[in-house]
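Structure first, then comments.
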Amino acid sequence: MRLPNNISIYFGVVLAFLLSCQTLVGQSTWIPGTYYGIPDQDKQVAFLDDFNNNAQKWDLGSVYLAEQIENGRLYVASRTSHRYTKRRLIPVNQTGNYEVEIRMRFVRGAQANVAGLTFGRNAKGSEYNFLINSQQQFKLMKYDRGREHTYINWKYSRHLEKHSYNTLLIRKVDNQWYFFINQFLVEKIPAKALFGNEFGFTIGGHIAVEVDYLKVSEIKTVDLNGPEITILDPQVVPNSSI
């Protein structure tokens, strides 16, 4: 059966539109468990400091720390036996998707020195930590109202470097947290609600670290189902041959 010319043209336009939507959706397909699985165009950088200077105005005057920015690195050394957190208030959509990434290395300290990413912290000190130590181990935990809860206790990873920089990334996509060490996925757990919008890093007592960069990004929400199409004209009659 031959369709009237105007209807043929209409359905041709609709078909072309649907194919173009399918192409756009396909280009936005994510593989969250792969380090490069989300294209850069689907991310919006909320904060980036590569420490070429102190343009981000870090407070470097703590009596508990020796700190300086030099040669594109933030050097932080603890003068006490207590752990210390350096953080910044970075507004991100807590219910959306996001990434937090840091590149850092141990400079000196005790045999069991500890450092790592701190994220989702609030003004009362409740926070999440993605920590590493010099024994090639990592840990996932939180502090909440003075109590520590461990999601994953110290676990060995061959991807950790003992004497060089390590890149730590946490990615939240579709209610899952993905944890990467030097671009390798090492763990995945259900995401938790953040306590607040402070992000940074933590170091243990009597150690020194260098931080190469800190980056926080929001991952754009993409409708992978595509748009809903409703044909208004010409009217589609149920069970019609057309």
**OP:** Over all alpha-carbon pairs in region 76-153, figure out the percentage whose distance exceeds 22 Å.
**Re:** 28
**OP:** Mind ranking 138-147, 91-100 by how tightly packed they are, going by the mean number of other C-beta atoms within 10 angstrom, highest first?
**Re:** 91-100, 138-147
**OP:** Determine, at each q value in 0.14, 0.17, 0.29 (inverse angstroms), the log₁₀ of I(q)/I(0) that the Debye formula gives when each Cα of region 110-161 is one equal point scatterer.
**Re:** -0.37, -0.53, -1.10
Original post:
Leaving out ligands, DNA and RNA but keeping every protein chain, what accessible area does Glu218 have, in Å² rounded to the nearest 10, with a 1.4 Å probe?
Top reply: 60
Original post:
Once you wrap a convex hull around the alpha carbon atoms of region 19-172, what is its projected area averaged over all directions, in nm²?
Top reply: 11.6
Original post:
Given a 1.4 Å probe, how much area per residue of region 63-139 is accessible, in Å²?
Top reply: 45
Original post:
Can you give the extra length, in nm with one decimal, that the chain gains between Thr29 and Asn153 once fully stretched, where that is 0.36 nm per residue apart less the Cα-Cα distance?
Top reply: 41.4 nm
Original post:
Quick one: if the Förster radius is 22 Å, what FRET efficiency do Met141 and Gln94 give, using the C-beta to C-beta distance and rounding to 0.05?
Top reply: 0.70
**OP:** Send over the Kirkwood Rh of region 131-191, from the inverse of the averaged 1/r over different Cα pairs, rounded to one decimal Å.
**Re:** 12.4
**OP:** With r as the distance between the Cβ atoms of Thr85 and Asp40 and R0 = 30 Å, compute the FRET efficiency 1/(1 + (r/R0)^6) and round to 0.05.
**Re:** 0.55
Subject >> Sorted peptide list for 52-63, 202-213, 181-192, criterion being average Cβ within 10 angstrom, highest first >> reply: 202-213, 181-192, 52-63
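The values are calculated or read from the model by the stated rules, or taken from the named source; none is laboratory data. In this text, all values refer to a predicted model and were calculated from it rather than measured experimentally. Positions of Cβ are backbone-derived with ideal geometry, glycine not excepted, and every protein chain shown enters the neighbour counts. For the accessible areas, the whole protein counts, side chains as well, though only heavy atoms, and no ligand, DNA or RNA atoms are used. Shrake-Rupley method; radii C 1.70, N 1.55, O 1.52, S 1.80 Å.
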